[in-house]
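Here's the structure, in structure tokens; my notes come after.
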Amino acid sequence: MPPVWERRTSQRLPVQLHVIETHEDSIYFQRTANLSTGGLYLEGTTPHPPGTRVRLRFTLPGDETTIEVTGEIMPPAKEVDLGMGVRFVDLKPEDRERIDRFIEKAVGLPFER
């Protein structure tokens, strides 16, 4: 299997967003390091084991709609890393479009798929 950085299929945007993560009966207030239509990276947090499913809630700047999605924790790209990559599992098409538009606006160019 290729390294995580070679498996990316969507453009990542470095951005800090506040995210509410729910896992089992616990709620965590997190912050992103980056975002894409495929997932996000939560920084400065002790990661759950790879494969763990979590619920995420967040909004994008300039958009009041809350995005709610299930995410799967990905294996870390490095041995020592305080943070975790989360792949979106059930992102709604309209939320994918919201994220896509947000990234395109921030970057200034549409991402070619």
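The values are calculated or read from the model by the stated rules, or taken from the named source; none is laboratory data. Quick caveat, the model's predicted, so the values are computed rather than measured. Cβ coordinates were reconstructed from backbone atoms using ideal geometry, including for glycine residues, and neighbour counts include every protein chain displayed.
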Cβ-Cβ below 9 Å, separation at least six or inter-chain, first residue in the stretch 86-110 and under 12 Å from Val69 (Cα atoms), second surrounded by 12 or more Cβ atoms within 10 Å (Cβ to Cβ) and of a type in the set (Phe, Trp, Tyr): which pairs?
-> Val86/Tyr41; Asp95/Phe88; Arg96/Phe88
Would you tally the residues in the stretch 33-60 being more than 15 Å from the chain's Cα centre (by Cα) and at pLDDT 90 or above?
-> 1
Among Thr59, Thr66, Thr32, the single one that is in contact with a Leu (Cβ under 6 Å, 6 or more places away or on another chain), hydroxyl-bearing (Ser, Thr, Tyr) and within 13 Å of His18 (Cα to Cα) is Thr32
Do you know which residues across the stretch 7-48 are in contact with a Lys or Arg (Cβ under 7 Å, 6 or more places away or on another chain) and among the polar types (S, T, N, Q)?
-> Gln16, Thr22, Asn34, Ser36, Thr37
Just give me the residues in the stretch 22-76 being touching a helix residue (DSSP H, G or I) at 6+ places or on another chain (Cβ under 8 Å) and among the polar types (S, T, N, Q), in sequence order.
-> Ser36, Thr37, Thr65
Mind listing just one residue for me: the one in the stretch 10-45 that is in a strand (DSSP E or B) and among the small types (Gly, Ala, Ser) and, of those, surrounded by the fewest Cβ atoms within 10 Å (Cβ to Cβ)?
-> Ser26
